[in-house]
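Here is the structure we will look at.
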């Protein structure tokens, strides 16, 4: 398995590519570096983390996409259980909630944060309905949406199964909202979400995350 980006790695492109001569996306090059068959769904990376990476790769602009190249080795070998799905989904949903600008989206995302946080409570050893400080902070900033989400999730309860499906749905909903942001910071937000998700998974795997860094933004001549 290769752990560093070779000098000959081409420019990252959106979408899937049947042949390396046609270019490659983020996860396709991860498959190559891991010694797997050329694919954008390699076994070397946790499925939901790979889904997040593919979505960011296909959503951001060309310059932002190239900043992802140093992250490719970091996702190789990151695989875990259903807890990883919940951790990734909570991170992405919480970030979308922090940046939400409309009432309906805030309510939906707040319900997602509550559900995902509660699903992780037993694994964290939390009792009495206590939330993680990071979740409590973002929910506390939007009392109306949080109150609605508390009432809604109390009726539904925490699902006893299907956490992978729940996590995937939460990530997809959050990414749609983040990708729809208007402004120059959209690509930066998506890149930061991916970087943070890789760092979370690296910690879960007991791997140092200090080297999970994007390439610097390109300098443009005036």
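At a glance:
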item: Selection within segment 133-147 - farther than 13 Å from residue 100 by Cα and surrounded by fewer than 16 Cβ atoms within 10 Å (Cβ to Cβ); result: 133, 134, 136, 137, 140, 143, 144, 147
item: Output for segment 73-93, where each listed residue is buried (at least 24 other Cβ atoms within 10 Å of the Cβ) and either touching a strand residue (DSSP E or B) at 6+ places or on another chain (Cβ under 9 Å) or closer than 14 Å to residue 174 by Cβ (or both); result: 85, 88, 89, 90, 92, 93
item: Test set (1) over 14 Å from the mean Cα position of the chain (by Cα); (2) surrounded by fewer than 20 Cβ atoms within 10 Å (Cβ to Cβ); (3) closer than 24 Å to residue 132 by Cβ - residue 100 fails condition number; result: (2)
item: Enumeration of residues in segment 102-145 that are in a helix (DSSP H, G or I) and farther than 27 Å from residue 204 by Cβ; result: 103, 104, 105, 106, 107, 143, 144, 145
item: Qualifying residues in segment 43-64 (those that are crowded, with 22+ Cβ neighbours inside 10 Å and without any contact (Cβ under 8 Å) to a residue 60 or more places away in the chain) - the one nearest to the chain's Cα centre (by Cα); result: 50
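Since every read-out is calculated from the coordinates, none of them should be taken as a lab result. Computed from a predicted model, the values in this text were never measured in an experiment. Backbone-built Cβ (ideal geometry, glycine too); neighbour counts: all protein chains shown.
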